[in-house]
1. Among residues belonging to the stretch B:116-137 that are within 14 Å of another protein chain (Cβ to nearest Cβ) and more than 23 Å from residue A:202 (Cα to Cα), point out the one that is surrounded by the most Cβ atoms within 10 Å (Cβ to Cβ).
2. One residue is enough: does the stretch B:288-298 have a residue meeting the conditions exposed (fewer than 14 other Cβ atoms within 10 Å of the Cβ), at pLDDT below 90 and closer than 27 Å to residue B:226 by Cβ?
3. Going through the stretch A:169-194 one residue at a time, which ones are in a helix (DSSP H, G or I) and within 7 Å of chain B (Cβ to nearest Cβ)?
4. Inspect all residues belonging to the stretch A:195-218 and state whether any of them is at the interface with chain B (Cβ under 10 Å from one of its Cβ atoms) and in contact with a strand residue (DSSP E or B) (Cβ under 6 Å, 6 or more places away or on another chain).
5. Please state which one of B:87, B:113, B:108 is within 19 Å of residue B:150 (Cα to Cα) and within 14 Å of another protein chain (Cβ to nearest Cβ).
6. Of everything in the stretch B:305-322 that's in contact (Cβ under 8 Å) with a residue 60 or more places away in the chain and in contact with a strand residue (DSSP E or B) (Cβ under 6 Å, 6 or more places away or on another chain), which residue is nearest to residue B:295 (Cα to Cα)?
7. Hey, could you check the stretch B:90-105 for residues that are at the interface with chain A (Cβ under 8 Å from one of its Cβ atoms) and surrounded by 21 or more Cβ atoms within 10 Å (Cβ to Cβ) and say which is nearest to residue B:155 (Cα to Cα)?
8. Checking the structure you have, find out if any residue of the stretch A:124-137 is assigned to a loop (DSSP other than H, G, I, E, B) and under 26 Å from residue A:217 (Cβ atoms).
C-alpha cells in the first residue's frame with residue numbers, strides 16, 4: 001500500500017515539474033507585465049482614495065471614498081460618460097454594419113478582389129494620431145478640407161464640421177478606421193460557412209433574401225458578437241482621436257480624455273483622476289467579462 | 001413522381017479542358033433507384049449536382065418529367081437532396097430543419113408541423129424534434145437529412161454519398177432501411193456512391209462512371225455477370241475479378257499455363273474469329289477452386305471470413321509470378337506456404353487490348 005502512495009507521490013511530482021517546465025518561459029513576460037500594469041494599477045487604487053494635487057505641490061491626504069462620491073455629483077464627469085457611451089456604441093455599430101456590407105461584397109469572386117480587399121483594409125493600418133490629423137486637416141477643415149471644397153464647388157456654404165458636430169466628427173473617423181477590422185471578422189465568418197449548407201438551402205427553395213436572414217446571419221452571430229466585444233474594448237479607451245481632432249470641449253470629451261484633463265492635462269488632481277480611471281477599468285472589466293463569455297461560446301460552437 | 005433524363009449532358013469546369021462529365025445519356029424511369037458509382041474523380045457527384053442545378057450544364061440538357069430544366073435554378077426544380085455531410089442548418093432545431101423547405105413554399109404552420117411529425121415518425125426522430133443538430137449522433141443527423149428530403153414530397157431524391165460518414169455497421173443497417181424507404185415512397189432516386197457494394201445492394205440499376213464517361217448502366221446482376229469492359233469488370237465485385245494477360249485468339253481457345261479455361265459459347269465463337277494476340281482474361285474468385293489437378297502455385301495469404309475464405313495463390317505465368325484470388329470453403333485447411341492446384345469451373349471473361357469485352 002505504501003508503495004502505491006509512493007507511486008502517486010512520484011506521479012504528482014513529475015506532473016508538477018512538467019507544469020513548471022512549460023510555465024517557466026512565460027515568467028519573464030509575466031513579471032514585466034506585473035511591473036508595468038499591476039503595480040501602477042494598485043498605486044492608482046491608493047491614489048484614488050487620496051486628495052493629491054501636484055501643481056502647486058500639496059501633501060497627499062487620505063480622504064477615503066470622497067473622490068468616488070464626488071464623481072456622482074460631477075456634471076462634467078456624467079457628460080463625459082455619456083459621450084463615451086455614445087462614441088463607443090455608435091462607432092461600433094456603424095463600423096459593424098458597414099463592415100458586414102463590405103464583407104458580403106468581398107465574399108463574392110470578382111476581378112481584382114485581392115487588390116480591393118487590400119485597399120479596404122488600409123485604414124486599419126494607419127496610426128490613430130495620423131488618421132485623426134489627416135481627417136482634421138484634409139477632410140473637415142473649413143479652408144483646406146475636401147468636404148468643404150465639395151460643398152463650396154456645389155454652391156453651398158462652408159461648414160466648420162469639427163466645431164459644429166464634434167462627437168460625430170470623431171465617430172466618423174473611428175468608423176473609417178474600424179470598418180476594416182469588422183469587415184475582416186465578418187469575412188472570416190462568411191468564408192467559414194459550410195458551402196453545402198447554403199446549397200441545401202438553395203435546393204430547399206430559399207430565396208437569396210431568406211438564405212441571408214435565415215441561414216447566413218444566424219451563423220454569423222458569434223462573429224458579430226466578437227466584433228462588438230473587441231470594438232467596444234478598444235473604442236471605450238479612445239484618447240488620441242479626441243486629443244487630435246477636437247482637443248476636448250463639450251460633446252467630445254470622453255472619460256479617458258476627461259481623466260487626462262484632470263491629471264497631467266492641466267487639472268493636476270491626481271487623486272480625482274485616479275478615481276475616474278478606476279471607474280473606467282471597472283466598466284472595461286464588466287464589458288470584457290461579458291465578452292469573454294461570448295468568445296468562449298464561439299470556440300465551443302466550433303467543435304463538431 | 002417523375003422520370004429523369006440526361007441528354008448528352010456535359011460539364012467542363014472553368015480552367016480545365018477535360019470535361020468532368022462528358023455527354024452523359026441516362027434515362028431514369030419513374031420510381032427507380034439509380035445508383036451512380038465510380039472511383040473519386042469519375043464525375044458521379046458532378047452528374048448529380050447537374051441534376052440538382054448546383055452545377056452548370058455546359059452542353060446537352062437535363063429533363064425532369066420531360067420538362068427541360070437545364071437552366072432552371074435549383075429552387076424551382078422540386079427536388080430534394082441529401083448531402084454527404086448532411087448540411088443541416090446548425091442554427092435550427094430538427095423540426096425547423098425539416099420544415100425549412102415547406103416554410104419557403106409558404107405552407108401554413110399547422111400543416112407544416114403535421115408533415116414534419118409524419119416524417120419524424122417514419123424515421124424515429126420524434127424524441128429529437130427540439131434538438132439542434134450538434135446534439136445529435138451521426139446516425140440521427142443522417143436521418144434528419146433524410147427527413148428534410150421526404151417532408152417535401154419532391155419529384156426526385158438526390159443522394160450524394162449519404163452513408164459514407166456513418167460507421168461500417170450502421171452503414172449496412174441504414175442501407176437496407178434507405179432502400180426500403182425508397183421502395184415504399186416510390187420516389188425516383190438518384191444515388192451517388194463510391195462503394196460498389198452499396199451500389200450493387202441498393203440500386204435497381206447501376207451506372208458505372210469513369211473519368212466523366214458512362215461505362216455501363218444495367219441491373220446489378222448483369223453488371224456483375226457481363227461487364228462491358230475491363231474497368232467495369234475490375235470495379236464491380238469484391239474481392240475484385242482476377243485479371244490476367246494471356247495469349248489467345250484463333251481456334252485454340254484460352255489457356256492459362258497448362259489450364260484450359262471454359263468459355264461461353266458466344267465468347268468462344270467470337271474469339272475464334274479474331275486474330276491471335278494478347279488478351280486480358282477475367283476470372284471471378286468464385287469460379288476458381290482448389291483442386292487435385294490444375295495450375296500449380298503457392299499460397300501466400302488466406303483471408304478467412306467465416307462463411308467463406310479467399311486464398312491468394314502465387315502461380316507462375318509467362319515467366320513471372322501471378323497472384324490469383326480463389327474462393328474456398330469457410331473452414332479451409334489451407335495455410336500460407338502450402339502448394340496447391342487451382343482449377344477453373346466458371347466462364348471466363350475476355351477483353352480485347354482496348355479493354356472492350358469480347359462476346360456480348
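The values are calculated or read from the model by the stated rules, or taken from the named source; none is laboratory data. This is a predicted model, so every value here is computed, not measured. Reconstructed Cβ throughout: ideal geometry from the backbone, glycine too, with neighbour counts over all protein chains shown.
1. B:136
2. Initial filter on the stretch B:288-298 (exposed (fewer than 14 other Cβ atoms within 10 Å of the Cβ)): B:292-293.
Checking the rest, the ones that are also at pLDDT below 90 come to B:292-293.
Within this subset, residues satisfying the condition of being closer than 27 Å to residue B:226 by Cβ are none.
Scanning the stretch B:288-298, I find no residue that is exposed (fewer than 14 other Cβ atoms within 10 Å of the Cβ), at pLDDT below 90 and closer than 27 Å to residue B:226 by Cβ, so the answer is no.
3. Within the stretch A:169-194, the first condition is being in a helix (DSSP H, G or I), and the residues that meet it are A:169-191.
Result: no residue meets the conditions.
4. Checking the stretch A:195-218: at least one residue is at the interface with chain B (Cβ under 10 Å from one of its Cβ atoms) and in contact with a strand residue (DSSP E or B) (Cβ under 6 Å, 6 or more places away or on another chain).
5. On the way: B:113 fails: within 14 Å of another protein chain (Cβ to nearest Cβ); B:108 fails: within 14 Å of another protein chain (Cβ to nearest Cβ).
After ruling out the rest, the residue left standing is B:87.
6. At the first step, the residues of the stretch B:305-322 found to be in contact (Cβ under 8 Å) with a residue 60 or more places away in the chain are B:310, B:317-318, B:322.
Of the ones still in play, those that are also in contact with a strand residue (DSSP E or B) (Cβ under 6 Å, 6 or more places away or on another chain) are B:310, B:322.
Numbers: B:310: 17, B:322: 12 Å.
Filtering first and then ranking leaves B:322.
7. B:101
8. The first filter runs over the stretch A:124-137 and keeps only residues assigned to a loop (DSSP other than H, G, I, E, B), leaving A:126-127.
Checking the rest, the ones that are also under 26 Å from residue A:217 (Cβ atoms) come to none.
Taking every residue of the stretch A:124-137 in turn, none turns out to be assigned to a loop (DSSP other than H, G, I, E, B) and under 26 Å from residue A:217 (Cβ atoms).
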